[in-house]
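A.B. asks: Here it is, the structure in full.
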Amino acid sequence: MGRKKVPPSALAKALAKLPIDDAKKLLAVAARTARARSRTIVALGSSHLARVSRWVDAQDAVTLALCALACVFTYLAASYVSAALVPKVDVALTDEERRGGYDAPGGKSQKWKRGAPFPKDRIPCYDPGTMEMLGPDMPAMSAADVKAAIAKARIAQKQWATSSFAKRRSLLRVIQRFVLENQDEICEVSGAGKPLVDAAFGEILTTMEKIKWLLKEGERWLRPEKRGAGLMMFYKSARVEYRPVGVMGAIVPWNYPFHNVFNPLLANVFAGNALVVKVSEHASWSSKYYGRAIKACLAAVGAPTDLVQIVHGYAEAGGAVVTGGCDKVVFVGSTGVGRAVMRAAAETLTPVVLELGGKDPFIVLQDADLSQCVPMALRGAFQSCGQNCAGAERFYVHAKKYDEFVKRVVAAASKCRQGWALAPNVDCGAMCMPNQAAYVQSLVDDAVAKGATAAVGGAMDADAAGQARPISHWSPYDRFYPPTVLVGVTHEMRIMREEVFGPVLAIVKIHSDDEAVALANDCDFGLGSNVFGSRKRALRVGAKLNAGMTTVNDFCATYMAQSLPFGGVKESGFDRFGGVEGLRGCCHVKSVVVDGVPGIRTDIPRPLQARSIHWFPYDPVGVVHADP
Ligand SMILES: NC(=O)c1ccc[n+]([C@@H]2O[C@H](COP(=O)([O-])OP(=O)(O)OC[C@H]3O[C@@H](n4cnc5c(N)ncnc54)[C@H](O)[C@@H]3O)[C@@H](O)[C@H]2O)c1
């Protein structure tokens, strides 16, 4: 007959009443079998907990709570004091750098003429929402200018490579303080046609998150990492070291002018690199202000001020970043230019990371909560007038939710107000690129010709409510594509195949999860993806999507989690930018092996017999080997 089992809780109650010595005796008795021992240990643990809880009476609880509060206050005070000790850089916007502050030759209201070609040697800076000149033309740098900038950065990097992580963190804190204290100005100058709230999301929040993550975790991911040496070399210590690549080149687009410069800057200076960043010819104006700020931040911590070089220009300048001597290049831009960059990089065998276009699916499953996903659909389609690489461009909505989803997005989109981004009450600003609105129109026309319906918008010479907008040489209206909702869309239409980069919410009705997956994967791009539905189901669908990133029940949240890598598959590019992988991507990965046990060193074993199979020269049979 088996012994009756005593549950640990009952044992605990009994033990709690015993003096400690008796409990020890009981433990000794019970220790005969492993099972009994583990049960008794659990019971003893519980009994001690019970004693502690009896000991902590109400008075002690108050004392503990006060201690906890004191700890929180000390922590807050320490954070406040250390924040106050971070040097402040004084780089206020000059009057000329403010929007509307530029007195162009020929009068304040001088405008850039619609359709005028850019001169080769200069970059005109104008506001796409008004066509007004923002400041004097910027010089377009030649290949020789870019090479000179790379050479300066290389000298600065030699010094910076020896800096400690503590020093690099102090640089990040100075930048953090600058961004915090100047966020309004940054949003004002980094417009590229978008309203301030879009700038706050896309420029400030993302950059601040990145700084916080690097401060907290950056060093941990760049420290040497131990690896196994294998059984044959058990006495060795093996590790990988993350060494700065040297001078990193970055070629970036115009859509988030501030974040696109600071994003590669933060990771690279933290990794010990110099950075040569080529900004877009469509967002050169604001880089003057950023350039001053960056130099001031570098100077504030005694870092070499040539460490970050901002390069302006056209394709020639971009090409020189690739072939002019950078150790590695990150290209962020369109798929077509990405191909050209990769071809050029092959000549010099410069490693490239390609972060290219996207056409992200937004899937609404039959059990999705529309009150959650409709506002996200609107943000996914219309933020920054749809000019986001990870913008939602293909909406697949289950038949059960379709009518209600369409009703809600149509109601909201038809109320969107469009205008100059800095005017009050504007939801959608201008499009930055000349001809982009006409391109979006061609995609919408193609869809309508093939059977889709524009439930809202759909014509660039009218606003979302259908009011006509005149387009003339001096009017900016060819930059304003109205927020548009297309229904009855199919994959036979160009709008489901080509990147729109505009404010079009194109909806396809689906009937099953499998259909959603098949359609979402039927695309040349594979950057992000978003799925809405019950958690388990949405995760199951998300797992089948061929994309670099998937967000479940949120929109593009993978970008806010700064520990995660950013990047795509297929024509959206390869390798990763951001997160742990992107940070380590700023480095050469170096393998190191050293003897790991004191007193043990490696020798090639002395041959035991006359014949050596280890020592050079391999001895002929019969010749005794002599020590070299
Ligand atoms: N995947 C991402 O992380 C990401 C982020 C933002 C934007 N994008 C993509 O960027 C595109 C929009 O930006 P864009 O219009 O500025 O892109 P773009 O490809 O036209 O230009 C990007 C940059 O490349 C430069 N450039 C142009 N020709 C070059 C050449 N031959 N050699 C080297 N550099 C050259 C430009 O001057 C600019 O600085 C969209 O396709 C969007 O999806 C991707």
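A.B. asks: Starting from 0 in steps of 10 Å, tell me what percent of the Cα-Cα pairs of the range 384-526 lands in each bin.
C.D. replies: Per 10 Å bin, starting at zero, the Cα-Cα P(r) for the range 384-526 comes out as 12, 42, 34, 11, 1 percent.
A.B. asks: 7 Å from Cα along Cα→Cβ at both residue 165 and residue 88: what's the point-to-point distance in nm?
C.D. replies: The two pseudo-label positions are separated by 3.1 nm.
A.B. asks: What is the angle, in °, between the Cα long axis of helix 257-271 and the longest principal axis of the Cα atoms in the chain? Nearest 10 is fine, range 0 to 90.
C.D. replies: Tilt of helix 257-271: around 30 degrees.
A.B. asks: Kirkwood Rh, Cα Rg: Rg to Rh for the range 327-456?
C.D. replies: 1.06
A.B. asks: Further question: Under a crude label model (7 Å from the Cα following the beta-carbon direction), how far is residue 400 from residue 453 in nanometres?
C.D. replies: Spacing of the two 7 Å Cα→Cβ label points: 2.5 nm.
A.B. asks: What's the local net charge at residue 114, with K and R +1, D and E -1, over the other residues with C-beta under 14 Å away?
C.D. replies: Neighbourhood net charge equals 0.
A.B. asks: Taking 32 Å as the cut-off for C-alpha to C-alpha distance, list the pairs among 212/590; 212/236; 88/194; 88/415 that go past it. Working shown, then result.
C.D. replies: Values: 212/590 27 Å; 212/236 37 Å; 88/194 28 Å; 88/415 43 Å.
With Cα atoms farther than 32 Å apart: 212/236; 88/415.
A.B. asks: Do you know the relative contact order of the range 380-520, to the nearest whole percent, from alpha carbon pairs under 8 angstrom that are 6+ apart?
C.D. replies: Numbers: 272 pairs, mean separation 47.0, N = 141.
Once divided by the residue count of the range 380-520, the mean separation gives 33 percent.
A.B. asks: To the nearest 20 Debye, how big is the dipole of the chain about its Cα centre, given +1 on the beta carbon of each Lys and Arg and -1 on that of each Asp and Glu?
C.D. replies: 3280
A.B. asks: Separate question: Round to a whole angstrom and tell me the spacing of the C-alpha centers of the range 529-590 and the range 222-293.
C.D. replies: Taking the Cα centre of the range 222-293 as reference, the centre of the range 529-590 is 19 Å away.
A.B. asks: Fully extended, how many nm does the chain gain between residue 468 and residue 372 (0.36 nm per residue separation, minus their Cα-Cα distance)?
C.D. replies: Numbers: separation 96, 0.36 × 96 = 34.56 nm, distance 3.34 nm.
Value of the extension gain: 31.2 nm.
A.B. asks: For residue 595, which sequence-distant residues (separation of 5 or more, or a different chain) have an amide H within less than 5 Å of its own amide H, given hydrogens modelled in the peptide plane?
C.D. replies: Result for residue 595 returns 237.
A.B. asks: May I pose another question? Net charge near residue 406, counting Lys/Arg +1 and Asp/Glu -1 over other residues with Cβ under 14 Å of its Cβ?
C.D. replies: +3
A.B. asks: Does anything in the range 227-248 have its amide N under 13 Å from the 7 Å Cα→Cβ label point of residue 615, and if so which residues?
C.D. replies: It comes to no residues whatsoever.
A.B. asks: Which net charge results when you count Lys and Arg as +1 and Asp and Glu as -1 among the other residues whose beta-carbon is under 12 Å from that of residue 326?
C.D. replies: Result for the local shell: +3.
A.B. asks: Continuing with the same structure: Helix 143-160 versus the longest principal axis of the chain: what angle, 0 to 90°, nearest 10, using Cα atoms?
C.D. replies: Helix 143-160 and the main axis of the chain meet at about 30 degrees.
A.B. asks: Which angle from 0 to 90°, rounded to the nearest 10, does the C-alpha axis of helix 399-413 make with the longest principal axis of the chain?
C.D. replies: Relative to the chain, helix 399-413 is tipped by roughly 50 degrees.
A.B. asks: Turning to a different aspect of this structure: Can you give the alpha-carbon Rg of the chain over 2.2 N^0.38 Å, where N counts its residues?
C.D. replies: For the chain, the normalised Cα radius of gyration comes out at 1.23.
A.B. asks: Also, quick follow-up: Quick one: what are the phi-derived ³J(HN,Hα) couplings along the range 176-188, Karplus 6.51/-1.76/1.60 with θ = phi - 60°, whole Hz, x for glycine and proline?
C.D. replies: In residue order, the calculated couplings are 4, 5, 4, 5, 4, 7, 10, 5, 5, 5, 4, 5, 5 Hz.
A.B. asks: Relative contact order, percent, of the chain when contacts are C-alpha pairs under 8 Å separated by at least 6 residues? Please list the in-between numbers first.
C.D. replies: Numbers: 1228 pairs, mean separation 88.1, N = 628.
Result for the chain is 14 percent.
A.B. asks: According to the Kirkwood expression over distinct Cα-Cα pairs, how big is the hydrodynamic radius of the range 140-356, in Å?
C.D. replies: 18.0
A.B. asks: Moving on. Hey, what's the Cα Rg ratio for the range 536-617 versus the globular rule of thumb, 2.2 N^0.38 Å?
C.D. replies: 2.10
A.B. asks: Skip the ligands, DNA and RNA, and give the accessible area per residue of the chain with a 1.4 Å probe, whole Å².
C.D. replies: Here the residues of the chain average 48 Å² of exposed surface.
A.B. asks: Keeping the other protein chains in place, figure out the carbon and sulfur percent of the accessible area of the range 140-356, with a 1.4 Å probe.
C.D. replies: Roughly 59 percent, rounded to a whole number.
A.B. asks: How high is the FRET efficiency between residue 346 and residue 237 when r is their beta carbon distance and R₀ equals 35 Å, given to the nearest 0.05?
C.D. replies: Rounded to the nearest 0.05, the efficiency is 0.40.
A.B. asks: Given a cut-off of 27 Å, name the pairs among 210/407; 226/570; 158/278 whose C-alpha atoms lie farther apart than that in the structure shown.
C.D. replies: 210/407; 226/570
The values are calculated or read from the model by the stated rules, or taken from the named source; none is laboratory data. Model, not experiment: these values are computed from the prediction. Positions of Cβ are backbone-derived with ideal geometry, glycine not excepted, and every protein chain shown enters the neighbour counts. These accessible areas exclude ligands, DNA and RNA; they are computed on the full protein's heavy atoms, side chains included. Shrake-Rupley method; radii C 1.70, N 1.55, O 1.52, S 1.80 Å.
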